[in-house]
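Have a look at the structure below, then the notes.
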Amino acid sequence: MNARTFLIAFYSPPKHHSSPAISVPRKIFYSDFDSKRQILQLRVFHLGRTGLFRVSPINLVVADGLSRRDIGKVRADVKSEPYEVAESPPESVEFEDALSDVVLRAEDGDGVVVQWWEQFPKRWVIVVLCFSAFLLCNMDRVNMSIAILPMSSEYNWSPSTVGLIQSSFFWGYLLTQIAGGVWADTVGGKLVLAFGVIWWSVATALTPIAARIGLPFLLVVRAFMGIGEGVAMPAMNNLLSKWVPVAERSRSLALVYSGMYLGSVTGLAFSPFLIQKYGWPSVFYSFGSLGTVWFAVWLNMAHSSPLEDPQLRPEEKKLILGNSVSKEPVKSIPWRLILSKAPVWALIVSHFCHNWGTFILLTWMPTYYNQVLKFNLTESGLFCVLPWLTMAVSANVGGWIADTLVSKGLSVTTVRKIMQTIGFLGPAFFLTQLSHVDSPAMAVLCMACSQGTDAFSQSGLYSNHQDIAPRYSGVLLGLSNTAGVLAGVFGTAATGYILQHGSWDDVFKVSVGLYLVGTVVWNLFSTGEKILD
């Protein structure tokens with residue numbers, strides 16, 4: 001018999017009394033949990049003639065040294081307090097329902113009742129929701145890299161046209177980087193991220209319709225999709241700068257960005273199946289519809305900062321606000337001061353160099369597998385999953401390593417330089433090996449290792465915006481990611497041109513050269529210290 005059943009069975013219904021407040025004798029019960037004493041204190045209030053009971057929240061104390069004769073016992077402290085008697089007493093006794101509440105509820109440090117699911121840290125709820133937004137972000141982005149194969153066959157598109165379509169996404173993506181950062185830093189990240197998800201989801205669902213109308217309409221819709229995704233990273237950066245303490249920064253950002261990688265995994269894995277089963281338009285319709293579900297959850301649970309969340313527990317609010325800068329939105333952006341700092345330009349240049357190689361692999365990898373490694377559509381999609389899955393794992397590993405190094409006393413500057421150097425030189429090395437491998441399996445392995453080491457950048461340059469300018473992290477990410485988007489626009493289009501006049505080796509050589517430039521600039525000019533207050 002468990003403790004709850006035993007308590008209910010033990011306590012008999014009270015008789016009617018004239019006094020509104022009846023003191024119930026103290027009762028002692030015992031039970032055993034894992035051979036250690038656990039004291040369960042319950043305050044049961046008898047509400048006079050009503051026959052009702054009220055049970056206070058649960059308090060557990062665990063003590064060692066339980067003897068064998070104590071096994072199977074629970075101790076309950078039963079007290080009474082005065083309560084007003086209801087005019088019309090209910091017929092039933094509600095002790096059992098009250099006891100159910102005891103099992104599901106607990107008191108925080110201030111005596112406020114907290115449901116068990118509300119005890120999960122709210123800052124990690126925000127992190128998980130941002131993770132899921134970025135999961136959708138890359139699902140909707142990479143589906144075109146798979147669908148473009150049957151689409152180009154159906155509409156007779158040349159490699160240059162394919163490159164133009166792939167790069168059109170970045171036209172809109174480029175326009176909203178800085179604007180999204182300013183918007184997020186001044187009004188808060190909640191509404192900005194919500195706008196972005198809904199906007200790009202609608203554009204994704206409209207893609208098949210635009211393709212049938214004509215190429216110009218498809219280019220416009222893809223650019224519109226980029227507008228929505230363009231505000232996502234600045235808004236997320238603004239949110240995490242307010243919600244996540246410095247000691248948890250690297251791993252929280254790594255988790256969020258791993259959502260992008262897992263989004264690529266999901267999109268690349270499911271797109272071939274949907275295309276073969278239902279046709280290429282089904283990819284865009286199904287993926288685009290998922291954004292509405294996320295939007296509803298986000299509006300209900302998220303807030304732009306801890307100061308705006310009325311349900312945030314006091315101890316967590318103290319932890320967040322005690323380890324970070326002021327969370328008030330900024331009123332103006334000091335552009336001249338920002339652009340006068342060398343570490344800011346180190347971020348901008350390094351972001352450009354990093355994204356050139358990343359976006360080429362994001363958009364052209366299925367084509368590489370199909371044309372060079374001779375994989376069919378399904379194989380191209382499935383083998384594209386491995387590099388992105390590797391990135392999802394290594395990004396989180398890198399985040400934990402970085403936070404551990406900082407907690408051990410290593411300077412933030414040193415940690416950022418170490419992590420980003422791995423993020424540059426690792427991909428550069430493995431891309432140079434692609435021209436020497438003679439089997440598809442080795443080529444896929446090189447791609448996976450290249451992307452896996454690339455993911456250490458999440459604990460390098462992608463964490464650095466909050467290090468050097470936490471109050472302007474949205475704007476700063478907008479600036480650096482604008483350079484990264486330009487790399488995507490030029491790199492994606494240039495790849496199509498290079499492939500028409502050269503080879504894949506030439507494509508990889510350009511990426512390797514930019515990785516080396518980024519390594520030098522980052523190690524000379526970056527810092528982990530705050531340079532803007």
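The values are calculated or read from the model by the stated rules, or taken from the named source; none is laboratory data. In this text, all values refer to a predicted model and were calculated from it rather than measured experimentally. Quick reminder, even Gly has a Cβ in these numbers, built from the backbone with ideal geometry, and neighbours come from all protein chains shown. Ligands, DNA and RNA are excluded from the accessible area calculation, which covers all protein heavy atoms including side chains. Shrake-Rupley method; radii C 1.70, N 1.55, O 1.52, S 1.80 Å.
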What are the residue pairs meeting all of these: first residue in region 330-346, first residue touching a residue at least 60 places away in the same chain (Cβ under 8 Å), second residue open to solvent by 80 Å² or more (accessible area, probe 1.4 Å) and assigned to a helix (DSSP H, G or I), Cβ atoms under 7 Å, and 6 or more apart or on different chains? Ala342/Phe525; Pro343/Phe525; Trp345/Phe525; Ala346/Phe525
With the first residue restricted to region 296-319 and required to be farther than 23 Å from Gly196 by Cβ, and the second required to be among the aliphatic types (A, V, I, L, M) and modelled with pLDDT under 90, Cβ contacts under 7 Å at 6 or more apart or on different chains are Arg313/Val114
Quick check on region 282-322: of everything there that is basic (Lys, Arg) and part of a helix (DSSP H, G or I), which residue is farthest from Met144 (Cα to Cα)? Lys318
Odd one out for Ala346, checked against (1) out of contact with any Phe, Trp or Tyr (no Cβ under 6 Å at 6 or more places or on another chain); (2) open to solvent by less than 70 Å² (accessible area, probe 1.4 Å); (3) at negative phi: (1)
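Find the residue count for region 142-159, including only residues that are open to solvent by 20 Å² or more (accessible area, probe 1.4 Å) and in a helix (DSSP H, G or I). Quick ask: steps written out before the conclusion?
Kept after step one, since they are open to solvent by 20 Å² or more (accessible area, probe 1.4 Å), are these residues of region 142-159: 149-150, 152-159.
Next, only the ones that are in a helix (DSSP H, G or I) stay: 149-150, 152-155, 159.
Number satisfying all stated conditions: 7.
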Within region 107-140, the residues that are small (Gly, Ala, Ser) and either modelled with pLDDT of 90 or more or surrounded by 12 or more Cβ atoms within 10 Å (Cβ to Cβ) (or both) are Ser132, Ala133
Selection count, region 187-208, where residues are within 26 Å of Ser332 (Cβ to Cβ) and either open to solvent by 10 Å² or more (accessible area, probe 1.4 Å) or touching a Cys at 6+ places or on another chain (Cβ under 8 Å) (or both): 5
Restricting attention to region 439-467, and to residues there that are hydroxyl-bearing (Ser, Thr, Tyr) and closer than 19 Å to Ser394 by Cβ, which single residue is surrounded by the fewest Cβ atoms within 10 Å (Cβ to Cβ)? Thr453
Does any residue of region 160-177 turn out to be surrounded by fewer than 21 Cβ atoms within 10 Å (Cβ to Cβ), part of a helix (DSSP H, G or I) and within 22 Å of the chain's Cα centre (by Cα)? no
Picking from Ser258, Ser252, Ser264, the residue that is open to solvent by less than 60 Å² (accessible area, probe 1.4 Å), of a type in the set (Ser, Thr, Tyr), touching a helix residue (DSSP H, G or I) at 6+ places or on another chain (Cβ under 8 Å) and at pLDDT below 85 would be Ser264
Only one of Val393, Val444, Val437, Val385 that is among the β-branched types (Val, Ile, Thr) and outside any helix (DSSP H, G or I): Val437
Would region 417-438 turn up any residue that is open to solvent by 10 Å² or more (accessible area, probe 1.4 Å), at pLDDT 85 or above and over 30 Å from Ile498 (Cβ atoms)? yes
